[in-house]
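Below you'll find the structure, written out as structure tokens, and then a few comments.
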Amino acid sequence: MTSWIKIPENSDFPLENIPFGIAKTGETISPATRIGDTVIFLSVLADFGFFDELPIEDLSIFYQPVLNEIAALNKLQRLSLRERLCNLFSDICDELKENPEACSSALVDINDVEMLLPVHIGDYTDFYSSIEHATNVGVMFRDPSNALLPNWRHLPVGYHGRSSSIVVSGTNIHRPKGQTRPDDNLPPVFGPSKQVDFELEMGFITSAKTDLGDSILAEEAEDHIFGMLLFNDLSARDMQRWEYVPLGPFLSKSFGSIVSPWIVTLEALESFRVEGPKQEPAVLPYLQTSGKRNFDISLELSLKPQNGEENIICKSNFRHMYWNMAQQLAHQTVAGCNVNPGDLYASGTISGPTHNSYGSMLELAWKGTRPIHLNDGTQRTFVLDNDTLIIRGFAKKDGLRVGFGECVTKILPAK
Ligand code: CA
């Protein structure tokens, strides 16, 4: 498929992507999509009647400052919207192309918009679903011969996180302050964390609204997923180590987490499905899925020191996930917890099998014992003030590239 909108070579946003985000230009805040470097304001397309024939009665969803109502469309409505947008931007359709008035208000260059947090995130869960990451952490902090805890292969381990501090790419985060206990024989101390880390993750946004007591079957769970984004779950390892027993991470992971601005739908990722790792032992029936439920999405993280160049310090892939998204959503709801459109479910750190594919500084520098050398001659064991972290991700196959753009944040000194 080709588009009448110019698409730069190697763009993450071809006609096959059609991601959703919230864009701001001047006084206008609107749901938007993107082709190449052009952002298209959906509210303007609705103004001009381009959505009148869709099986969507309430067009006010295209005028909201968040995507929750668009996320809540049922699968049929979602597909018809995607098809309509693909069609409007494709060479075979003149409707929008030949309407200069609509084009001049709807189409805006990416450099002239500000991207906002795409959804109001009511609830946020963080899983722990990469077997390489869970194994590495188990080896470092517990017992190398027994790295995975007994439950790990039976259920997707997770915890309920904090949604108020989830921010969009481009938002900078202050180094957290808190309690740590650097010496196990002395009392704890208070001050800025000395071990700020990133976690290279992806997340999915739900479209489902369920009632208390309902659960979603793993086999049907993908129908209730609106799309995916990049996620950086910043973590203060020294605070985490002192606070996390027995209820899990608390302040060490709630000082800021960053999402990429564009939600890429599962429809756009269909060509990139792959088998997941073999699950051994077999999982309980409520977690069983058939077919290809993983996605081949290349991920990388760059660290850019202040006034320095980018250093790619991690290259991983979403396909390493042991537990898939359908299993995560089925497990989230199996006890009867209700979910809502716009909820965020993060994968957990995505580590691969090789040293350079570890998805956190903790693993890359192996608890501070193997410093990472940067191209400006400095080294890191954790993130320093004014370091910028950039996650990128894309899927590519047979000449088609569908990507997520960037998820960027800079660590500022403690307030
Ligand atoms: Ca995490």
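The values are calculated or read from the model by the stated rules, or taken from the named source; none is laboratory data. These figures come from a predicted structure and were not determined experimentally. Positions of Cβ are backbone-derived with ideal geometry, glycine not excepted, and every protein chain shown enters the neighbour counts.
Has region 40-52 got any residue that is in a helix (DSSP H, G or I), surrounded by fewer than 23 Cβ atoms within 10 Å (Cβ to Cβ) and either under 27 Å from the mean Cα position of the chain (by Cα) or modelled with pLDDT under 95 (or both)? The answer is yes; a qualifying residue exists.
The residue that is surrounded by the fewest Cβ atoms within 10 Å (Cβ to Cβ), among those in region 153-183 that are touching a Lys or Arg at 6+ places or on another chain (Cβ under 7 Å) and part of a loop (DSSP other than H, G, I, E, B), is Asn172. Entry remark, region 161-192: residues being more than 17 Å from the chain's Cα centre (by Cα) and within 16 Å of the ligand (Cβ to nearest atom) number 2 in total. Scanning region 173-192 for residues that are farther than 19 Å from Ser235 by Cβ and in contact (Cβ under 8 Å) with a residue 24 or more places away in the chain yields no hits at all. Considering every residue within region 132-140, establish whether at least one is polar (S, T, N, Q), at pLDDT 95 or above and within 15 Å of the ligand (Cβ to nearest atom). Yes, region 132-140 contains at least one residue that is polar (S, T, N, Q), at pLDDT 95 or above and within 15 Å of the ligand (Cβ to nearest atom). Selection of region 357-369 for residues being of a type outside the set (A, V, I, L, M) and either touching a helix residue (DSSP H, G or I) at 6+ places or on another chain (Cβ under 8 Å) or within 16 Å of the ligand (Cβ to nearest atom) (or both) yields Ser357, Tyr358, Gly359, Ser360, Glu363, Trp366, Lys367.
Quick check on region 369-385. Is at least one of its residues under 21 Å from the mean Cα position of the chain (by Cα), assigned to a strand (DSSP E or B) and surrounded by fewer than 17 Cβ atoms within 10 Å (Cβ to Cβ)?
Of all residues in region 369-385, those under 21 Å from the mean Cα position of the chain (by Cα) come to 383.
Filter again for assigned to a strand (DSSP E or B), leaving none.
No, there is no match, as no residue in region 369-385 is under 21 Å from the mean Cα position of the chain (by Cα), assigned to a strand (DSSP E or B) and surrounded by fewer than 17 Cβ atoms within 10 Å (Cβ to Cβ).
Only strands (runs of 3 or more DSSP E) whose full extent lies in region 237-351 are considered here, and the ones with at least 2 residues that are away from the ligand (no atom under 16 Å from the Cβ), in contact with a strand residue (DSSP E or B) (Cβ under 8 Å, 6 or more places away or on another chain) and touching a residue at least 12 places away in the same chain (Cβ under 8 Å) are 298-304, 311-317. With respect to the stated conditions, Leu79 fails to be at pLDDT 95 or above and in contact with a Cys (Cβ under 7 Å, 6 or more places away or on another chain). Among the residues of region 196-209 satisfying the criterion of being β-branched (Val, Ile, Thr) and away from the ligand (no atom under 16 Å from the Cβ), which is farthest from the chain's Cα centre (by Cα)? Residue satisfying both the conditions and the ranking: Thr206. Of all residues in region 129-152, those that are part of a loop (DSSP other than H, G, I, E, B) and surrounded by 18 or more Cβ atoms within 10 Å (Cβ to Cβ) total 3. Tell me whether region 210-225 contains one or more residues that are away from the ligand (no atom under 14 Å from the Cβ), under 21 Å from the mean Cα position of the chain (by Cα) and either small (Gly, Ala, Ser) or within 29 Å of Lys410 (Cβ to Cβ) (or both). Within region 210-225 (the criterion being away from the ligand (no atom under 14 Å from the Cβ), under 21 Å from the mean Cα position of the chain (by Cα) and either small (Gly, Ala, Ser) or within 29 Å of Lys410 (Cβ to Cβ) (or both)), the answer is yes, since at least one residue qualifies.
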